[in-house]
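Encoded as structure tokens, the structure appears first; notes follow it.
The values are calculated or read from the model by the stated rules, or taken from the named source; none is laboratory data. From a predicted model like this one, the values you see are computed outputs, not experimental measurements. Quick reminder, even Gly has a Cβ in these numbers, built from the backbone with ideal geometry, and neighbours come from all protein chains shown. Areas reflect the complete protein model, heavy atoms only, side chains present, ligands, DNA and RNA absent. Shrake-Rupley method; radii C 1.70, N 1.55, O 1.52, S 1.80 Å.
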Amino acid sequence: MRFTALLPALLVGVAAFTPPSTDFTVRSYLRTVDLMKSYVRDSSSFILENTGAEPQSSFYLAVNASYTDTESPLSAKLAMYEVKLKSDDGSTSLKYTIDDEVNEDQMKYVKIELPKSIAVGQSVTVQLASAVVRELVPLPKKIKQAEVQNLVWQGSRVAYIPYPVVKQRTKIKFSERPANAYSRFKDDPTIDGTVLTYGPYENIPPQTYEPIRVKYEYNQPLIEITKLERELWVSHSGGNLATEERYWLTNSGAELTDHFSRVRWQATTMAQQSTPALKAAQVHLRAGVRDVYFTDEIGNVSTSNLRDDYRDPVLEFRPRYPVFGGWNYSFTLGWNHDLARSVRETASEGIYVLRVPLLEGPVNAMYDEADVLVVLPEGAKVLAVDSSYKDMTEELTSLYSHLDVVGRTVVKLSARDMTDEHRRNELYVTYELSKDAQYRKPIRVATAVFAVFFAIILLGKVDVSISKKA
Amino acid sequence: MSLAGSNLWSQGTPFTPAVSIDRQPVAAIALLLSGFVLTALFSMINKSGFLGFIKQLFIAIPASLSLGFGFVYLLCAVGVYV
């Protein structure tokens with residue numbers, strides 16, 4: 001797809017759109033690549049100075065074109081991209097649009113709108129945070145059961161920017177120890193603890209890309225949730241918010257070369273050695289959680305523990321078997337909360353707002369596909385659905401459950417390529433539920449019972465005697 | 001970040017259910033018991049004539065309401081939040 005997009009440009013001999021590199025100069029660009037998780041977090045902060053001839057109201061950055069390619073849904077993808085303008089009184093998120101066109105370096109430009117234009121000679125501080133899922137690959141692809149897993153990250157030692165950069169540095173952070181193998185240049189990089197630093201480089205021309213490769217030890221599972229179905233059941237009569245999450249999980253780390261050996265596994269566990277297999281995972285739940293359960297296809301899994309801390313309850317669950325690279329495990333987690341924590345009544349009669357985190361899944365997980373279903377009471381009318389996370393499709397459906405006749409109102413949100421950090425995004429659902437709709441269910445049962453009583457009354461009136469009464 | 005929902009949220013008051021979660025079992029037992037007592041009464045009263053019919057109706061209505069609400073709270077009390 002990339003090539004076909006490039007082809008017309010090559011044939012005509014006109015280069016694809018390039019932002020004018022003379023508009024800005026970037027001063028002191030500090031980039032941090034965080035390789036401590038299942039996914040890559042790439043964040044930067046820099047000073048952008050208008051060195052052009054006119055005031056500017058927007059600027060450009062670039063992302064790897066394949067990160068936004070919809071043709072191959074399971075390749076490395078951008079899960080988060082956030083640009084913030086930093087000022088003395090806090091930071092503001094900036095709107096951005098990713099260009100469709102792919103340039104000769106296989107990059108796509110990102111146009112970022114500024115709230116107010118920068119005058120010539122003026123500068124602003126910009127912070128960029130991004131996360132890429134499914135980018136880290138194990139090397140070698142297959143390891144022995146007790147071997148240590150290594151991952152490879154590939155990128156550029158300088159950030160690809162359409163403007164000249166005065167000074168730049170790239171820091172790569174590891175969780176355990178510095179990389180085993182990495183691209184070396186003269187005096188470059190330098191190692192300090194678990195941080196690898198490329199640079200500082202001075203006066204880098206625009207659109208520089210210098211590929212580097214880093215191989216590092218990561219003896220933890222790469223938790224990839226291929227599918228998540230998250231359901232939030234709002235019950236007004238019960239005053240309860242029930243959450244049920246069904247997971248299809250895979251460990252995308254290094255696979256086993258041989259068959260799984262139970263004896264070796266016991267030895268590893270006894271010696272408390274670290275392993276790239278998923279033994280246990282943690283889920284941070286919201287305060288006031290009740291009735292937590294962990295089940296799978298077989299039934300209840302007893303190896304879970306809720307650390308019921310008042311502020312930050314943590315559910316730790318252990319799958320039935322260690323999930324090695326390439327292995328799958330599907331399971332269900334569920335819990336209850338008082339509805340008062342998540343639903344508020346507004347000033348207008350019968351209008352309620354629900355506030356829940358978008359995700360509440362395991363720590364250090366990446367998601368390929370996630371469906372969030374908000375199941376509202378029967379007869380509720382959805383007025384608005386909003387979230388700080390925008391990249392979702394929204395659908396209104398209905399669902400039948402206990403004592404339902406017309407079906408419950410369901411808001412279904414579908415998203416792709418997310419990380420556990422998206423739990424910070426909140427979801428608000430504003431809905432209307434009249435008072436009589438709230439009492440519909442007991443009245444429905446009462447009507448059925450009354451029908452029985454009435455039948456008895458009528459049947460009692462039937463004269464079944466054979467002879468006439470004297 | 002200005003979300004319409006977050007504004008409504010910050011101005012709203014926490015939702016209060018008609019019967020709080022820890023009182024649901026009590027509510028269910030009380031309502032169901034009174035429902036059964038009324039049902040027993042229903043079967044015992046004099047059914048003859050128009051007056052009997054009215055009497056039966058006057059017991060059947062509160063009995064069915066009591067059983068209806070009682071059943072819903074019973075479901076809630078056992079964890080089926082309908």
Peptide B:19-31, shielding by other chains (average Cβ, 10 Å cutoff): 2
Mean Kyte-Doolittle hydropathy of -1.0 or higher plus an axial Cα length of 15 Å or more: which whole DSSP H helices in chain A meet both? A:2-12, A:440-461
Using label points projected 7 Å from each Cα along Cα→Cβ, tell me how many nm separate residue A:71 and residue A:255, to one decimal. 2.6 nm
Estimate the FRET efficiency between residue B:10 and residue A:93 by the formula 1/(1 + (r/R0)^6), using the beta-carbon distance for r and 22 Å for R0, to the nearest 0.05. 0.70
Spin-label pair residue A:363/residue A:269, simplified geometry with 7 Å Cα→Cβ offset, distance in nm: 2.2 nm
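Under a Cβ-Cβ cut-off of 15 Å, what is the net charge of the residues other than residue B:13 that fall near it, where Lys and Arg count +1 and Asp and Glu count -1?
0
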State the extension gain, in nm to one decimal, for the chain segment bounded by residue A:287 and residue A:300, taking 0.36 nm per residue of separation less the distance between their alpha-carbons. 2.3 nm
Cα-based Rg/(2.2 N^0.38 Å) for the stretch B:18-77, rounded to two decimals, is 1.31
From most to least accessible, 1.4 Å probe, no ligand or DNA/RNA atoms counted, A:59, B:71, A:450, B:36 line up as B:36, B:71, A:450, A:59
With all protein chains in place and a 1.4 Å probe, residue A:284 shows an accessible area in Å² (nearest 10) of 60 Å²
Kirkwood Rh, Cα atoms: Rg over Rh of the protein assembly as shown: 1.12
For the pair B and A, total buried accessible area rounded to nearest 100 Å², probe 1.4 Å: 3600 Å²
So for A:268, A:303, what's the accessible-area order with a 1.4 Å probe, most first? A:303, A:268
Between residue A:176 and residue A:341, take the C-beta separation as r, use R0 = 41 Å, and let me know the FRET efficiency to the nearest 0.05. 0.60
Taking a temperature of 37 °C and a viscosity of 0.692 mPa s, what whole-number D in µm²/s does Stokes-Einstein yield for the stretch A:177-315 with Rh from Kirkwood over alpha carbon pairs? 162 µm²/s
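With a 1.4 Å probe and all protein chains left in place, how much accessible area per residue does chain A have, in Å²?
That works out to 48 Å² per residue.
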With every protein chain left in place and a probe of 1.4 Å, what is the accessible surface of residue A:191, to the nearest 10 Å²? 80 Å²
In nm, spacing of pseudo-spin labels at residue A:57 and residue A:451 (7 Å Cα→C-beta vector): 6.4 nm
Per-pair calculated FRET efficiency, R0 = 30 Å: residue B:18 and residue A:397 via Cβ, rounded to 0.05: 0.60
